[in-house]
Amino acid sequence: MASLSGLSVGVIGAGFGGLSTACYLADAGADVTVFEKNEQLGGRASRLERDGFRFDMGPSWYLMPDVFERFFAHFGKTPEEYYTLDRLDPHYRIFFKDSAARSAADDSDGQRPSEHVERVDMVPDLEANAETFESYEEGAGETFYEYLDTAETHYEVAMEQFVYEDRPRLRDWVDLDVLRAAPIGLQLLGTMDDYVSDYFESHKLQQIMQYTLVFLGGAPSNTPALYNMMSHVDFNLGVYYPEGGIGAVVDALVELGEELGVTYETGMPVSEIISRKAGFELAFEDGSRRRFDKVVSDADYAHTEQELLPEHERQYSQEYWEKKTYAPSAFLMYLGVEGDVEPLAHHTLVLPDDWDPHFEQIFDRPAWPDDPAYYLCVPSKTDDTVAPEGHSNLFALVPIAPGLDDDEETRQEYREKLLDDIAAHTGVELRDRIVLEEHFSVSEFADRYNSIQGTALGLAHTLRQTAIMRPGHRSTEVPGLYFTGSFTTPGIGVPMCLISGEHTANALVDDV
């Protein structure tokens with residue numbers, strides 16, 4: 001990377017995209033200052049600390065360890081110099097809501113429905129997972145290996161040609177390596193649900209192979225089949241936990257940035273980006289202003305354009321943003337619980353027989369889901385520093401449509417519904433043991449993170465919002481203004497935002 005010595009850069013927002021960009025630019029010699037609206041660094045990877053409990057408020061899965069290793073290696077470092085990783089076993093647990101079994105239990109012997117619900121663990125041992133697949137469908141064990149072999153190939157090609165290599169212009173796609181990879185890409189332009197059903201008949205196995213779409217903010221019916229590579233991430237690369245939680249990874253990037261000379265300032269919401277003939281001024285809500293040669297925004301793309309720039313300097317209209325498909329928002333419950341929460345694992349998924357209605361209530365006919373698929377995280381299973389002794393740290397996440405009304409009455413009604421569902425389908429009764437409770441939903445995503453429609457993640461990875469069809473890293477209207485984070489390429493998720501930071505930094509360097 002060329003030298004940026006003497007160049008001043010202001011970075012708006014301290015999410016993973018902003019933290020990553022800052023490290024790359026500082027390493028190239030720039031004088032970098034990161035301004036964060038909120039009281040702590042990390043963006044959506046915020047932490048909630050109260051009464052001895054510590055919650056990761058946003059990302060909680062550490063996936064794609066190869067991306068983190070590559071990031072730190074650029075600076076001559078390793079992740080192990082900053083945090084310790086534990087591979088989870090099981091990677092995650094799934095409870096399948098079996099309506100037929102529940103009905104039989106209710107009608108015949110009066111036992112608790114939870115005693116009839118299927119539970120399955122996905123573990124680091126591939127052979128054990130193959131045996132699990134075989135138990136659901138004859139021949140599925142062998143098919144499991146075939147699927148993973150294909151997913152690994154697609155992952156390697158995609159990462160090398162389309163993720164680590166930024167291709168912001170159409171002419172960048174007229175490349176020999178891209179043409180060689182094209183046959184794979186063309187095979188994967190269908191949807192994930194069609195692709196996975198060609199391998200497995202069991203709808204439960206199909207769900208196992210598609211649950212990672214939640215991390216991409218999509219549904220099986222609208223996510224391109226090229227994302228089958230996520231199964232390689234899941235089963236082959238593994239699921240890890242950084243001791244201290246995802247917040248420890250935020251701390252690592254901040255520490256690395258400080259070693260490189262980055263300055264961080266919290267509680268500094270930007271109110272306006274003012275372009276000058278010689279650089280920029282950032283105006284802040286406290287009335288102060290700072291001058292920079294270049295500006296990078298890790299604030300949500302739509303907020304930056306619609307709220308921080310005058311209309312004549314915006315690349316996209318309000319109509320453009322209104323027509324986009326956004327990843328889900330979420331209804332989150334952070335719970336401090338007295339005692340243990342067996343039989344939950346560190347990561348637990350609770351999935352209905354048919355999850356299509358839930359996805360429809362996110363993307364097609366927005367409403368609070370009637371029969372939700374949801375995620376439960378219990379980091380205290382792995383880390384005894386996140387809860388007081390004798391207590392469990394648990395958060396529940398239900399994906400919901402962005403833009404929903406989440407008034408207090410609605411939240412309380414859904415809280416009761418969710419607690420009932422957890423008890424019925426996992427056997428864990430929480431009500432009388434909750435000693436700490438906080439909720440976070442659409443309104444908080446909008447207020448805390450300036451998130452359009454309160455989306456929890458950004459732009460969904462639909463076929464029309466992938467690769468070159470996502471907003472670019474460079475502003476086409478304001479020279480010297482750049483964008484990073486989940487709205488840009490390569491997309492949603494902590495690893496992708498780390499790579500986005502590299503792309504943004506490279507674009508800035510190339511333009512200097």
Any idea which of 23, 46, 153 is furthest toward the positive side of the dipole for the chain, if Lys and Arg beta-carbons carry +1 and Asp and Glu beta-carbons -1?
23
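By its C-alpha gyration tensor, with a ≥ b ≥ c as the square roots of the eigenvalues, how is segment 328-449 shaped: rounded for a/c under 1.5, else prolate for a/b larger than b/c, else oblate? Mind dumping the intermediate values first?
Numbers: a/c = 1.97, a/b = 1.50, b/c = 1.31.
It comes out prolate by the Cα gyration axes.
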Sort 430-442, 446-458, 151-163 for me by packing, meaning the mean count of neighbouring Cβ atoms within 10 Å per residue, highest on top.
446-458, 151-163, 430-442
In degrees, nearest 10, range 0 to 90: what is the angle between the Cα axis of helix 65-74 and the longest Cα principal axis of the chain?
20
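At a threshold of 8 angstrom on Cα-Cα distance, excluding pairs fewer than six apart, so keeping six or more, what relative contact order does the chain reach in percent?
So the answer I get is 23 percent.
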Applying the Karplus parametrisation 6.51 cos²θ - 1.76 cosθ + 1.60 with θ = phi - 60° to the phi angles of segment 483-488, what ³J(HN,Hα) value in whole Hz is obtained for each residue in order, glycine and proline being reported as x?
10, 9, x, 6, 6, 8
Any idea what % of Cα-Cα pairs in the chain are farther than 44 Å?
13
Most exposed to least, judged by fewest other Cβ atoms within 10 Å, 340, 27 sort to 340, 27
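If you place +1 on the Cβ of every Lys and Arg and -1 on the Cβ of every Asp and Glu, how big does the dipole about the Cα centre of the chain come out, in debye to the nearest 20? Could you put the intermediate results ahead of the total?
Values: 38 positive and 93 negative charges, 415 e Å.
For the chain, the charge dipole is close to 2000 debye.
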Which of the listed residues, 303, 203, 393, is farthest toward the dipole's positive end in the chain, when Lys, Arg count +1 and Asp, Glu count -1 at the beta-carbon?
303
So which lysines can residue 417 reach, going by Cα to Cα under 23 Å and dropping same-chain residues fewer than 8 places off?
97
Quick one: helix 408-426 against the long Cα principal axis of the chain, what's the angle to the nearest 10°, folded into 0 to 90?
50
From the P(r) of segment 316-357, could you give the percentage of C-alpha pairs in the tail past 11 Å?
82
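Bear in mind that the values in this text are calculations on the coordinates, not laboratory data. All values reported here derive from a predicted model rather than from experimental measurement. Because the Cβ atoms are built from the backbone with ideal geometry, glycine has one as well, and the counts that use them run over all protein chains shown.
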